[in-house]
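The values are calculated or read from the model by the stated rules, or taken from the named source; none is laboratory data. All of these numbers come straight from a predicted model, not from anything done at the bench. Note: ideal-geometry Cβ built from the backbone for every residue, glycine included; neighbour counts use all protein chains shown.
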Amino acid sequence: MIAKELLNPQSIVICGASSDIHKPGGKSLKNLLESPFKGQIYAVNPKETEVQGVKCYAKVEDLPQVDCALLCIAAKFCAQTVDVLAKEKGCKGFIIISAGFSEENAEGAAIEKHIVDTINSVGGSLIGPNCTGFLNVNYAGCFDTPIPPLDPKGVDFITGSGATAVFIKEYGMSNGLKFNSVWAVGNSAQLGIEDVLEHLDETFDPENSSRVIMLYMEKIGDPQRLLKHSRSLINKGCHIAAIKSGGSAAGSRAASSHTGALATNDAAVDALFRKAGIVRCHNRQELTTVCGVFMYPEIKGKRCAVVTHAGGPAVMLTDVLSNGGMEVPSLKDHPASAPLLAKLFAGSSVGNPIDFLATGTAEQLGYILDAVENDYTDIDFSVVIFGSPGLFSNKEVYDLLDQKMRTCKKPIFPVLPSIINVKDEIEDFIAKGNINFPEECVLGNAICKVYNTPKPQPEHVELPKIDVTRIRKTIDRCQSGYLEIADYNELLDAAGISRKKSVEVSKKEDALAFAKEVGCSKDVPLVMKVVGPLHKSDVGGVTLGVKDLDTVDKEFDRLMAIKDTYAVEMYPMLDGMDVYIGAIRDPKFGHQVFFGLGGIFIEVLKDVQSALAPITADEAKEMLKQLKGYKILQGVRGQEGINLDLYADQVARVSALVQAAPEIAEMDLNPLLGNPRYVTAVDARIRIEK
């Protein structure tokens, strides 16, 4: 629980306070004095007696009791200062602006640990160190600007980077975004992003809490806790948008399996966000725009009316919406269109986009929005694009737009692009509590992201029934490393994962005996594969379509001569489309399951979906629809598709297997052969780490 002395202190001290507002200690005091804070403010600086009109103490030992402290002093002095404040002055809220701690060297890390231990010992809470600070509707405990408009219904912003937070705030504020709190957690020595989310979750009040949360992260310290509290908050009615940066290079690594090559940290983040229902963003503009969309009524459907007085932006927006899975349906033949067109200037169009020309008036915009609200029943929301060439004021239009946005039930999103020509009118529009979206394509992209992000997956799901006892018995007797064929077949069978029936032989007479037993012929061709080399096809270790005993004889000798081969696997050929399922364990994220087009196409197309375990068959089946090759799986141009229900069930069974056997570090089922009758694994690799 975060200490109330940090959230709503009655007294605050600035250690390192200064009259120079270009220094952190001076700017922090200035921000605090100009904030809504009504409590007692103290300052500490051995060289001053008064700073910015506030009485200044020479040292912290001279202070009275105080709830909260901002430290803007050298790192080497912070530990002693915290000791006095926590143990002698009753202080439980700490914001350490100072740098020079764990981010710098081992000595700084030791000081940081001492500070955290001291604050924990008194039940206090710490923001930082190495941060820009904290602010909420009660006070500004930060040294940076701008200080955004603070509103209990504004955005709760949690960031791992103070400098990035400044730029995000600036862009959001310029378009009307308001904030409820800003948590710049810095080094996250005690309170990190997950801790703040937990606090927001546990203290959530349906009447008073903010419904929009914005995250900027460069690391995810505890993915499972992030998932838990994000999912809980979203299920309570919140919306969360997040940037997770730094994933591409850090996530890449050499891997011995197809799954390992696919399983970058960034893919795990995508899977985590999808399971939690978080809208993932990739830049500041996108992040603030998505949060702006959250501030408007929720979009209930995908059908949009584009209302404009300029053709070009409307066409570009229509492209973005259509390409993002939304719809801009034609209204040309709708019964309401002719009466509406009669109220507009000649040359206007109501086909959708609804273009009422550069000479369009506020009155005409009212007619259009009334028609969208009441007559066009197959429209779910609208976007209004209205700028100015600089010939006249747009105030009347924007006043009308503001009125309709407040009274219409269908969401209306304003695109006011003339940020210079009608700067004053836009500022007036924003001052009334509205958010402007100055770029229509950025808005369109944000709307698509918000609408297409799935709801959180349930915390507890029902997975297929598997033989856990049999799985545990196999895992417990095996050593770390790649499993032998017999062992991984045992796991697949226990999990109910369909596999081809094969034998592993090291003697030619056994190979010939198996071929005779199954009736090797042109009607029952065999597959022969090396056992030992990891990538069998790369070493010429796979022979397909073996139709007679002579070929069995010759291929056995050839395959056994390949380096690292100690046996040959044999089985009757199956037919169907190559698909794939894999899983990999991340020490933080848990098991991630991948599935999509298989065979060599994994390396070429990488057309796969991934999700964090556990995964239900229904979830897998829905995610299959997101594959670029989904229509191929369904069957195209006379080719058979695969049984998608069986495929989704196999994905869920792999998920259940890795849940039962967390020792599985990596596994590949590649390929599985799928057709309308079966989806069966023909090659597998499982590595365990104990």
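Quick notes
For (1) buried (at least 23 other Cβ atoms within 10 Å of the Cβ); (2) on the phi < 0 side of the Ramachandran plot; (3) touching an Asp or Glu at 6+ places or on another chain (Cβ under 8 Å); (4) β-branched (Val, Ile, Thr), each residue gets a yes or a no:
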{"site": "Pro206", "(1), (2), (3), (4)": "no, yes, no, no"}
{"site": "Lys219", "(1), (2), (3), (4)": "no, yes, no, no"}
{"site": "Asp222", "(1), (2), (3), (4)": "no, yes, yes, no"}
{"site": "Arg231", "(1), (2), (3), (4)": "no, yes, yes, no"}
{"site": "His239", "(1), (2), (3), (4)": "yes, yes, no, no"}
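- Any hit, segment 132-147, residues being among the polar types (S, T, N, Q) and in contact with a strand residue (DSSP E or B) (Cβ under 8 Å, 6 or more places away or on another chain): yes
- Here Ile385 meets each of (1) in contact (Cβ under 8 Å) with a residue 60 or more places away in the chain; (2) surrounded by fewer than 18 Cβ atoms within 10 Å (Cβ to Cβ); (3) closer than 30 Å to Gly154 by Cβ with one exception, condition (2).
- Look at segment 200-229: where a residue is over 22 Å from Glu459 (Cα atoms) and a partner is buried (at least 17 other Cβ atoms within 10 Å of the Cβ) and aromatic (Phe, Trp, Tyr), sitting 6+ places away or on another chain with Cβ atoms under 7 Å, you get Met214/Phe157.
- Extreme residue, farthest from Leu6 (Cα to Cα), among residues of segment 69-93 that are assigned to a strand (DSSP E or B) and touching a Ser or Thr at 6+ places or on another chain (Cβ under 7 Å): Leu71
- Residue in segment 124-135 that is surrounded by fewer than 23 Cβ atoms within 10 Å (Cβ to Cβ), out of contact with any Lys or Arg (no Cβ under 8 Å at 6 or more places or on another chain) and not charged (D, E, K, R) present: no
- Asp586 of a type in the set (Asp, Glu), modelled with pLDDT under 95 and more than 26 Å from Ile466 (Cβ to Cβ): no
- Members of segment 209-249 found to be among the aliphatic types (A, V, I, L, M) and within 13 Å of Ile158 (Cβ to Cβ), listed by number: Val212, Ile213, Met214, Leu215, Met217, Ile220, Leu226, Leu233, Ile240, Ala241, Ala242, Ile243
- Looking across segment 281-334, the residues that are more than 25 Å from the chain's Cα centre (by Cα) and without any contact (Cβ under 8 Å) to a residue 12 or more places away in the chain come down to Gly312, Asp333.
- So Gly590, is it in contact (Cβ under 8 Å) with a residue 40 or more places away in the chain, of a type outside the set (A, V, I, L, M, F, W, C), outside the structural domain of Val531 (by TED's automatic domain parsing) and on the phi > 0 side of the Ramachandran plot: yes
- Taken together, the criteria place Gly582 among residues that are touching a residue at least 40 places away in the same chain (Cβ under 8 Å), within 26 Å of Asp222 (Cβ to Cβ), of a type outside the set (Lys, Arg) and crowded, with 24+ Cβ neighbours inside 10 Å.
- Sub-6 Å Cβ pairs linking a first residue in segment 21-41 that is under 20 Å from Ser98 (Cα atoms) to a second residue that is outside any loop (DSSP other than H, G, I, E, B) and among the charged types (D, E, K, R), at least 6 apart or interchain, are Ile21/Lys27; Ile21/Lys30, ordered by first then second residue.
- Selected residue [in contact (Cβ under 8 Å) with a residue 40 or more places away in the chain and over 19 Å from Ser498 (Cα atoms)] from Glu666, Glu622: Glu622
- Any chance Ile447 is at pLDDT 95 or above, part of a loop (DSSP other than H, G, I, E, B) and within 30 Å of Gly277 (Cα to Cα): no
- No other residue among Glu112, Glu104 is over 15 Å from Gln190 (Cα atoms), among the acidic types (Asp, Glu) and out of contact with any strand residue (DSSP E or B) (no Cβ under 8 Å at 6 or more places or on another chain) apart from Glu104.
- Breaking point among (1) surrounded by 18 or more Cβ atoms within 10 Å (Cβ to Cβ); (2) farther than 30 Å from Phe413 by Cα; (3) modelled with pLDDT under 95, for Asp523: (1)
- Restricting attention to segment 666-681, the residues that are crowded, with 21+ Cβ neighbours inside 10 Å and either within 26 Å of the chain's Cα centre (by Cα) or more than 21 Å from Gly590 (Cβ to Cβ) (or both) add up to 10.
Every residue, every condition in (1) more than 29 Å from Glu107 (Cα to Cα); (2) within 40 Å of the chain's Cα centre (by Cα); (3) modelled with pLDDT under 95; (4) not assigned by TED's automatic domain parsing to the domain that holds Cys131, yes or no:
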| residue | (1), (2), (3), (4) |
| --- | --- |
| Asn8 | yes, yes, no, no |
| Glu34 | yes, yes, no, no |
| Asn45 | no, no, no, no |
| Val60 | no, no, no, no |
| Leu63 | no, no, no, no |
| Leu70 | no, yes, no, no |
| Asp83 | no, yes, no, no |
| Lys89 | no, no, no, no |
| Gly93 | no, yes, no, no |
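- Search result, residues across segment 103-160 that are part of a loop (DSSP other than H, G, I, E, B), of a type in the set (Asp, Glu) and under 21 Å from Ile213 (Cβ atoms): Asp144
- Residue match in segment 346-355 (condition: crowded, with 22+ Cβ neighbours inside 10 Å, on the phi > 0 side of the Ramachandran plot and not in a helix (DSSP H, G or I)): yes
- Residue within segment 634-641 that is β-branched (Val, Ile, Thr) and either in contact (Cβ under 8 Å) with a residue 12 or more places away in the chain or surrounded by 22 or more Cβ atoms within 10 Å (Cβ to Cβ) (or both) present: no
- Thr118 fulfils the conditions (1) crowded, with 23+ Cβ neighbours inside 10 Å; (2) hydroxyl-bearing (Ser, Thr, Tyr); (3) assigned by TED's automatic domain parsing to the domain that holds Gln10 except for a single criterion, (1).
- Lys302 being in contact with a Ser or Thr (Cβ under 9 Å, 6 or more places away or on another chain) and not acidic (Asp, Glu): no
- Condition check for Gly387: assigned to a loop (DSSP other than H, G, I, E, B), over 21 Å from Lys409 (Cβ atoms) and in contact with a Pro (Cβ under 6 Å, 6 or more places away or on another chain): yes
- Test result for Val450, touching a residue at least 12 places away in the same chain (Cβ under 8 Å) and under 16 Å from Gln659 (Cα atoms): no
- Val166 being touching a residue at least 60 places away in the same chain (Cβ under 8 Å), touching an Asp or Glu at 6+ places or on another chain (Cβ under 8 Å), surrounded by fewer than 21 Cβ atoms within 10 Å (Cβ to Cβ) and closer than 30 Å to Leu287 by Cβ: no
- Selection of helices (runs of 4 or more DSSP H) fully inside segment 162-255 by the criterion of at least 1 residues being within 22 Å of Ile299 (Cβ to Cβ) and outside the structural domain of Ala665 (by TED's automatic domain parsing) returns 162-174, 223-235.
- Within the span defined as segment 617-636, every residue fails to be under 30 Å from Lys473 (Cβ atoms) and in contact with a His (Cβ under 6 Å, 6 or more places away or on another chain).
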